[in-house]
1. In nm, to one decimal, how far is the modelled label at ASP340 from the one at HIS32, with both set 7 Å along Cα→Cβ?
2. At a Förster distance of 30 Å, what's the computed FRET efficiency of GLU83 paired with GLN47, Cβ-Cβ distance as r, to 0.05?
3. Take the Cβ-Cβ distance between ALA177 and GLU22 as r, set R0 to 30 Å, and report the resulting FRET efficiency rounded to the nearest 0.05.
4. Would you mind pulling out the separation of the Cα centroids of region 218-264 and region 400-436, in Å?
5. Using 7 Å Cα-to-Cβ label points, what is the HIS199/ASP168 separation (nm, one decimal)?
6. Output the Cα-based Rg and Dmax of region 68-108 in Å, rounding Rg to one decimal and Dmax to a whole number.
Amino acid sequence: MTEEATAELGPDPWAAYLAGPESIPSYLTSRHAAQYRTVVDVLLATQDSSLTGMSFDEARSAVVAHLTTVLDSETARRLTDEEVFPLEARLEQLADWGVLTRWQEPARSGEDFLRRRDRYQLTPRAAALHHFWRTLGDDVEPEADIALAPRAIRERAEAFEAAVLAADYTSAANEFAQIKVQRESMARAARSWQRTLAHALAGRPEEHKQDLLWQTLAAYIAMWGEQVDVHSPAISAALDRLDTHLDTGVWRACARASMGEAAPESAVDASVERWREAWVVLRRWFDGPDSQARSLRRQLRDLVSPWARNMGILMGSAGTVSRRGDLLALATAIERAESDDVAWRLWDVTTGLFSARHLLVAAPSAEDQRLSWAEAPPAPIATRFREQGARAVAGRVSRAPSFAEGRRLSRLARQQREAGREEAIARLRARSGTRVGTWPPIDREELTVLLDLFATVTRLSRHGDGHDRTAVTEDGRWRVRLTEPEPGAVVVLDSPDGALALRDWHFEMTPA
């Protein structure tokens with residue numbers, strides 16, 4: 001049932017309890033959205049230099065100037081013709097939608113009664129919506145001023161602690177305000193990354209989604225990288241120490257210092273409540289192993305496996321799943337062609353659909369050879385001649401080589417290698433918690449995986465208690481821990497490729 005048919009059944013019962021439709025965004029979905037958006041663009045840009053709105057004549061001049069900067073002068077003149085662009089009707093409609101506020105200047109002379117005195121200004125909600133819509137895009141890079149946010153929050157938290165202990169509540173208020181700004185910037189960046197991940201991981205793998213995943217991972221590494229792990233423990237420790245000092249009196253003193261002694265008690269109470277909520281959110285972000293900062297880092301770490309898997313799928317399917325980009329480029333080139341003839345030539349060259357051509361075919365009799373092509377009857381064209389053209393009379397045409405079988409065998413070999421590696425990993429996991437000297441001979445796949453694990457631990461290990469070495473594999477799946485044996489404990493592992501001499505490590509392999 002359509003929405004129009006549903007409207008005839010009566011009002012929506014939800015409207016009595018929840019917010020209903022908004023008219024302001026209508027200018028973005030209207031048939032003349034390009035015209036409305038241009039008008040709102042110039043009005044929003046004017047607010048940077050003037051707060052008195054724009055008159056009708058100023059709005060028309062600003063629209064013409066704006067179009068001249070993005071289009072050629074002839075196109076701008078044609079688009080601003082009164083028949084194509086009735087500005088008065090567009091402004092009236094924007095005012096009806098609540099996008100504009102309209103008023104009239106007072107008349108101070110007789111001439112004022114003879115001119116148009118209407119002025120227009122964007123409403124605050126419309127200005128905020130259009131500013132958001134203009135800045136909205138597919139860029140996953142957050143603002144650059146949060147690149148050092150974790151370290152900055154740690155330094156500000158320690159300074160906040162020192163100010164509270166010294167009863168310097170003005171400094172404490174300043175430090176905590178900076179902590180709130182940095183934390184909110186981190187939250188905005190995290191929300192942007194998570195929304196991008198949710199979109200890119202939904203549905204089937206596509207090339208542009210893979211690009212989004214990689215850009216998101218690169219943006220996170222460029223912004224924070226290891227900073228969350230490095231600074232979160234210090235931030236959490238500072239928050240724990242402060243919890244015993246931040247009672248209601250301290251919060252009220254900080255709020256009073258930030259607002260001034262003349263601030264009413266109701267405003268101070270509201271500020272204290274906001275600061276307490278910000279403190280709870282701050283602890284939720286950095287305190288504990290399940291904090292939001294570390295949860296985001298785990299999400300980005302777990303992104304590596306699906307990204308690599310999807311790349312394998314795309315490469316296995318020859319890497320091409322859509323011609324959308326090529327078709328959009330062709331449509332853009334045709335739209336920007338200088339004339340219809342040029343546009344048709346672009347289409348013909350791209351698709352190979354050229355106009356008919358006359359072919360020379362031997363006549364069945366000598367008399368017919370005296371007839372011109374305009375007088376001669378149509379000659380039948382064999383199917384082979386239609387498919388191969390003039391090459392049909394020069395022998396069998398060579399066919400393009402097919403690599404389908406080679407790609408199939410390559411995919412099969414890759415799948416077999418992956419299956420063999422997974423089986424070797426499963427056998428090594430079964431030996432977790434034992435010493436290498438107790439192992440039976442290992443096969444070739446187990447030896448390859450074991451050497452890779454030892455190389456990873458050697459390169460990325462972090463020393464734990466005693467002489468332990470621990471590292472997470474590069475795909476983020478396994479955590480390997482090697483405990484050093486007694487000095488001089490050396491064992492030999494037999495394999496089909498020879499014997500491997502190594503120390504008698506205590507081997508542990510668990511999911512990361």
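Every number in this text was worked out from the coordinates using simple rules, so none of it is lab data. Model, not experiment: these values are computed from the prediction. Because the Cβ atoms are built from the backbone with ideal geometry, glycine has one as well, and the counts that use them run over all protein chains shown.
1. Calculated label separation equals 2.9 nm.
2. After rounding to 0.05, the efficiency reads 0.50.
3. For ALA177 and GLU22, the calculated efficiency is 0.35.
4. So the two Cα centres are separated by 50 Å.
5. 4.6 nm
6. Every Cα atom of region 68-108 included, Rg and Dmax give 14.2, 40 Å.
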